[in-house]
Amino acid sequence: MSLNGDLAVVQLVVGSALASLEANRSRIDDLNVYPVPDGDTGTNLTMTVRALAEAVDNTSAASRESLARDVARGALMGARGNSGVILSQIVRGATDVLGEASAPTIDARAAAQALRGASDAAYRAVRRPVEGTMLSVIRELAEEAEARAPEKPAIEELLLGLVLRGEAAVARTPEQLQVLRDAGVVDAGGAGLLELVRGIAAAVSGEALPQALPAEAHPGIEAIHQELSRYRYCTVFLIEGDGLDREALEKQLEKIGDSLLVVGDRDAIKVHVHTDDPGAALSLGSAVGTIDRIEIANMHEQTQQREERLLAAVSDVPTERATTGVVAVVAGNGNRRLFESLAKDVGPLHVVEGGQTMNPSTADLLAAVQYLLGDLDADASPSGARKVTQ
């Protein structure tokens, strides 16, 4: 295959992968509870692949090897968030193999080698790999490809098999990671990676993209109400320079935060860190090179926005008419919202303001009960009570 042919294929599969992610972006955002519940995994993956697509469109590569380098660099430069940075390493691991492929077309054996390279690169990028994440999914995809490669299936057939293995791998993530099991969701990063594979499979087989998956049942209360990240700011930036020492920088950055990823080479490094002091992280970067593409997100604010968005979605879900009601004595706005969100599960709910030092009167409680029973008109709600219906 000529270079122009290679470029056309890359543009096709990247464009299809991006379209698949775009179609499922909101659903993947809503699944996001790990490593922090900031609800942006779908967005970060989409923006990373969009940057990769732009790099492919603007490449001036003169060989398959240089095209592979441009693809890897585009992913690194545009990587967003934890998931996007890991994805950039998956891309790099795969392109390192495919860029050196001598066959005119990519067969099952080369695809298996590329996926193994992708998996190994992703695991190397994460200082403390955690199973039940997109790492598990890319590893299982590599294992599946390696198991099928000896049979020499057509690449279209291989990719369809990888979609099925990816679906099973994503479904297993709650069994591997407690926070997912507690929240009742699958891993968002793994779900996003699966959509990328779906897009690639559709492009290679010549089939239309599958219809976007419907949002599964709205996430339950366990998935909506999540603890805030220990640190406030998700900080991502690029460092460019000569002879950059990735490991030395990583040792310095680990002192000021967590969820740390420092990936790249001696010419360009992408940093992702959760910290309370983005300025300190940027100073460490600027001390060794030129920093660029700085992105700082307030994860506490993102978590609150995700919670409000999902609670609003839950409140819009119609349910059967309830036969019971609940009166809850609650202190504080945050606790009040939590109890109100339970209305869809317990039926009509009265929240009465109160607590250990401000107990409501017996009359207030009786009035609330009577109101729920319909003994009072809807407009005669007891003072201090708030009615929440299904």
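The values are calculated or read from the model by the stated rules, or taken from the named source; none is laboratory data. Everything numeric in this text was worked out from a predicted model, so none of it was measured. Positions of Cβ are backbone-derived with ideal geometry, glycine not excepted, and every protein chain shown enters the neighbour counts.
Scan the range 246-273 for residues that are crowded, with 17+ Cβ neighbours inside 10 Å and under 19 Å from the mean Cα position of the chain (by Cα) and jot them down.
S259, L260, L261, V262, V263, K270, V271, H272, V273
For the range 77-88, check the following and say yes or no: at least one residue is touching a strand residue (DSSP E or B) at 6+ places or on another chain (Cβ under 6 Å), assigned to a helix (DSSP H, G or I), crowded, with 19+ Cβ neighbours inside 10 Å and among the β-branched types (V, I, T).
Yes - at least one qualifying residue is present in the range 77-88.
Here is a list: V97, V137. Which entry is surrounded by fewer than 23 Cβ atoms within 10 Å (Cβ to Cβ) and in contact (Cβ under 8 Å) with a residue 12 or more places away in the chain?
It is V97.
Would you check if there is a residue in the range 49-65 being in a loop (DSSP other than H, G, I, E, B) and under 21 Å from the mean Cα position of the chain (by Cα)? Break it down into steps so the answer makes sense when it comes.
Filtering the range 49-65 for residues in a loop (DSSP other than H, G, I, E, B) gives 58-63.
From the residues that got through so far, the ones that are under 21 Å from the mean Cα position of the chain (by Cα) too are none.
No, because not a single residue in the range 49-65 is in a loop (DSSP other than H, G, I, E, B) and under 21 Å from the mean Cα position of the chain (by Cα).
Results for (1) at pLDDT 65 or above; (2) buried (at least 16 other Cβ atoms within 10 Å of the Cβ); (3) among the aliphatic types (A, V, I, L, M); (4) not in a loop (DSSP other than H, G, I, E, B), shown as yes or no for each residue.
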residue	(1), (2), (3), (4)
V327	yes, yes, yes, yes
R336	yes, yes, no, yes
V352	yes, yes, yes, yes
A367	yes, yes, yes, yes
G374	no, no, no, no
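Mind checking whether some residue in the range 182-197 is in a helix (DSSP H, G or I), exposed (fewer than 14 other Cβ atoms within 10 Å of the Cβ) and touching a residue at least 24 places away in the same chain (Cβ under 8 Å)? Walk me through it before giving the result.
If we filter the range 182-197 for residues that are in a helix (DSSP H, G or I), which is where we start, we get 182-183, 188-197.
Checking the rest, the ones that are also exposed (fewer than 14 other Cβ atoms within 10 Å of the Cβ) come to 182.
Checking the rest, the ones that are also touching a residue at least 24 places away in the same chain (Cβ under 8 Å) come to 182.
Yes: one or more hits.
Quick check on my filter: what residues within the range 258-287 are outside any strand (DSSP E or B) and either within 16 Å of T235 (Cβ to Cβ) or in the same structural domain as L76 (by TED's automatic domain parsing) (or both)?
Residues of the range 258-287 that are outside any strand (DSSP E or B), as a first pass: 265-267, 276-287.
Correct list: D276, D277, P278, G279, A280, A281, L282, S283, L284, G285, S286, A287.
Out of G42, G15, G74, I need the residue that is assigned by TED's automatic domain parsing to the domain that holds L209 and either free of Cβ contacts under 8 Å to residues at least 24 places away in the same chain or at positive phi (or both). Which one?
Details: G42 fails: either free of Cβ contacts under 8 Å to residues at least 24 places away in the same chain or at positive phi (or both); G15 fails: either free of Cβ contacts under 8 Å to residues at least 24 places away in the same chain or at positive phi (or both).
Exactly one of G42, G15, G74 is assigned by TED's automatic domain parsing to the domain that holds L209 and either free of Cβ contacts under 8 Å to residues at least 24 places away in the same chain or at positive phi (or both), namely G74.
Being more than 23 Å from V263 (Cβ to Cβ), of a type in the set (G, A, S) and surrounded by 17 or more Cβ atoms within 10 Å (Cβ to Cβ) is the requirement here; does G161 meet it?
Working: more than 23 Å from V263 (Cβ to Cβ): yes; of a type in the set (G, A, S): yes; surrounded by 17 or more Cβ atoms within 10 Å (Cβ to Cβ): yes.
So G161 fits the description; yes.
A53 passes all but one of (1) buried (at least 24 other Cβ atoms within 10 Å of the Cβ); (2) at pLDDT 95 or above; which number fails?
(1)
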